[in-house]
1. HN-Hα J couplings of the stretch 62-71 from phi, Karplus 6.51/-1.76/1.60, θ = phi - 60°, integer Hz, Gly and Pro as x?
2. Glu10 to Thr30: extension gain in nm, 0.36 nm per residue of separation minus the Cα-Cα distance?
Amino acid sequence: MSNSLRIVPEREPPKATLKDTVNIHGVHDTLRHGPRTLASQHNNQSAVQNRLENWERTQDELKLNLYRNVYGLHAPVRLMMERKLVSQNPHFPALPQSNIHLDILMGRDSTLDVGDFFGDADIGPQFVDIHNDMEKLRKIR
C-alpha cells in the first residue's frame, strides 16, 4: 500500500529497446542493462490496456489511503483483516458459491458484472466426489 492518492493508475515505466542498449560495437550491453530476454523485447500491451488492468488495484489503494488519512491507521488494517477472513471460505468446495461478504467489503455490492448474470465460466454441470474434495480442502490426504 503506497501513500499516493492516485485516481488513475500510473504509466508503465518505459522499457529499453535494443537500440537503447547497444554499445559502441553494436552489441547489447549486458553489464549495464542486464541480459536480453524475449519478454523485454516483445511488448504488445498499450498504455491504455496497462491502466485498465491496474484500475481496480489503484482505486482500492486510493480508498485505503483515504481511510487511513481520515480515520487513522487502524481503519485500513481492519478492513484488510476483514477481507482476508471473509475470503477464506469454509464451505464445500464442489458446490458453486458466491462471496457476497467480500463483494460488500470491496465495494462491489452495487455494481453488476457479467458474472452476476451468467455465473462463472468454469461452473457447469460437474460430477464431483465431495468426499475427495473435502479431504483435499482439509489436507487429510
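Throughout, read-outs are computed from the coordinates displayed, never taken from laboratory work. Owing to the predicted nature of the structure, the values given are computational and were not obtained by experimental measurement.
1. With the stated coefficients, the stretch 62-71 comes to 4, 5, 5, 5, 5, 4, 5, 5, 8, 9 Hz.
2. Full extension from Glu10 to Thr30 adds 4.4 nm.
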